[in-house]
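A.B. asks: One structure, pasted below without further comment.
The values are calculated or read from the model by the stated rules, or taken from the named source; none is laboratory data. In this text, all values refer to a predicted model and were calculated from it rather than measured experimentally. Because the Cβ atoms are built from the backbone with ideal geometry, glycine has one as well, and the counts that use them run over all protein chains shown.
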Amino acid sequence: MTFDKVEIGPVNVRVYQGADYEKSPPVVIYFHSGAFLEEGRMDSDVATALAQTGAIVVIPDFNAPLGGVFPKPLEVGFSIFSYLAKKRAGLGNRKSLLLVGGAESGGNLATAIALKARDYRADELDGQLLLSPLLDPYMGSPSIREAATVGMRDRWSEGWSHYLSGGVCHPYAAPGICSRLAGIAPALVVSSVDDPLRDETANYSQKLKDAGVRVQDFVFPADAGWPSIYGAKCPLAANWQTGLNSQFASFVKSISIQ
């Protein structure tokens, strides 16, 4: 599809929708991984898995309209969120929960949109799905030392240099350094034991909890192949789909009750 009435101009999206979905299915705006460097990528095993739970998942080509340097991807992503918050574009209905989510650099963008939604469109975001979000431009966590062994350290270094090449390191660009987190939408935060991003993911999750944000954490075992969601080398085949679906369904139920 093309969202042609978004504030920043037309944006191409791919919509994932399973055969079985409820009358008011949750709508997830999902931002793909790619270390801030890729555009045109709208295929996603995560989106396929979430659609199997009954959700409608929208993946925008968020780097294409304005480029991949902060704050341009955030402007595109937030415009799409604002558009769906107002009109839903025929996806779900006004009773559908609206969530943002993403993996790795897409998780960074999802956290930033959640922050900006808190600041500018309060109460219109129902939840956020943070899958091993890439949050620390200093790459200083203990677990990040493992990035080289799965083929990601140089890519993440290059990606951060590209994303921040506009000379701005705003909290929206690097949410891991943000100190004002109260009032953000509830979060499902996922990583794995063998994930080089597990420490910054866990640190951000704890900061959310300390700020009074409702958080559901889940850490996959090392045999789930979880880092494959952002292109890391994994020795075993991925088998995280059932676990993620279960966590997502539980999270949606909890925020629906709330």
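A.B. asks: From the list Gly77, Gly92, pick out the single residue that is over 24 Å from Ala232 (Cα atoms), at pLDDT below 90 and crowded, with 21+ Cβ neighbours inside 10 Å.
C.D. replies: None of the other options fit; the residue is Gly92.
A.B. asks: What's the number of the condition Arg41 fails, among (1) in contact with a Phe, Trp or Tyr (Cβ under 9 Å, 6 or more places away or on another chain); (2) not in a helix (DSSP H, G or I)?
C.D. replies: Going through the list (1) in contact with a Phe, Trp or Tyr (Cβ under 9 Å, 6 or more places away or on another chain); (2) not in a helix (DSSP H, G or I), Arg41 breaks only (1).
A.B. asks: Just checking, does the range 142-165 include any residue being closer than 25 Å to Lys209 by Cβ and surrounded by fewer than 16 Cβ atoms within 10 Å (Cβ to Cβ)?
C.D. replies: yes
A.B. asks: Of everything in the range 174-188, what is within 14 Å of Ser105 (Cα to Cα) and buried (at least 22 other Cβ atoms within 10 Å of the Cβ)? Give them in sequence order. Explain how you work it out, then say what you get.
C.D. replies: First, the residues of the range 174-188 that are within 14 Å of Ser105 (Cα to Cα): 174-176.
Passing the criteria: Ala174, Pro175.
A.B. asks: Sort out for me the helices (runs of 4 or more DSSP H) sitting completely within the range 151-258 that have 2 or more residues that are among the acidic types (Asp, Glu).
C.D. replies: Fully inside the range 151-258 and qualifying: 153-163, 198-210.
A.B. asks: Quick check on my filter: what residues within the range 239-258 are among the polar types (S, T, N, Q) and under 18 Å from the mean Cα position of the chain (by Cα)?
C.D. replies: Gln241, Asn245, Ser246, Gln247, Ser250
A.B. asks: So, Leu115, is that one touching a Cys at 6+ places or on another chain (Cβ under 7 Å), buried (at least 18 other Cβ atoms within 10 Å of the Cβ) and either touching a residue at least 40 places away in the same chain (Cβ under 8 Å) or within 22 Å of Asp217 (Cα to Cα) (or both) or not?
C.D. replies: Here the answer is yes, as Leu115 does meet what is asked.
A.B. asks: So, in the range 13-47, of the ones that are of a type in the set (S, T, N, Q) and more than 19 Å from Ser96 (Cα to Cα), which residue ends up modelled with the lowest pLDDT?
C.D. replies: By that ranking, first place goes to Ser44.
A.B. asks: Looking at the range 93-105, I want the residues that are under 22 Å from Leu74 (Cβ atoms) and have a partner that is of a type in the set (Phe, Trp, Tyr) with Cβ atoms under 7 Å, at least 6 apart or on another chain. Which pairs are those?
C.D. replies: Between residues of the range 93-105 that are under 22 Å from Leu74 (Cβ atoms) and residues that are of a type in the set (Phe, Trp, Tyr), the close pairs are Val100/Phe81; Gly101/Tyr30; Gly102/Tyr30; Gly102/Phe31; Ala103/Tyr230; Glu104/Tyr230; Ser105/Phe36.
A.B. asks: Is it true that some residue in the range 36-53 is in contact (Cβ under 8 Å) with a residue 40 or more places away in the chain and within 23 Å of Tyr120 (Cα to Cα)?
C.D. replies: So far as the range 36-53 goes, no, none of its residues is in contact (Cβ under 8 Å) with a residue 40 or more places away in the chain and within 23 Å of Tyr120 (Cα to Cα).
A.B. asks: Please state which of the following conditions Leu130 fails to meet, knowing it meets all the rest: (1) in contact (Cβ under 8 Å) with a residue 40 or more places away in the chain; (2) farther than 26 Å from Glu39 by Cα.
C.D. replies: Of (1) in contact (Cβ under 8 Å) with a residue 40 or more places away in the chain; (2) farther than 26 Å from Glu39 by Cα, only one is false for Leu130: (2).
A.B. asks: Yes or no: the range 133-155 includes at least one residue that is out of contact with any Pro (no Cβ under 7 Å at 6 or more places or on another chain) and among the β-branched types (Val, Ile, Thr). Give the steps one after another, and end with the answer.
C.D. replies: Keep residues of the range 133-155 that are out of contact with any Pro (no Cβ under 7 Å at 6 or more places or on another chain), which gives 133-134, 136-142, 145, 148-149, 151, 153-155.
In the following step, the residues that additionally are among the β-branched types (Val, Ile, Thr) were identified as 149.
Checked the range 133-155: at least one residue is out of contact with any Pro (no Cβ under 7 Å at 6 or more places or on another chain) and among the β-branched types (Val, Ile, Thr).
A.B. asks: I've got another one for you. Restricting to the range 201-223, count the residues that are over 28 Å from Leu181 (Cβ atoms) and touching a residue at least 24 places away in the same chain (Cβ under 8 Å).
C.D. replies: So the answer is 2.
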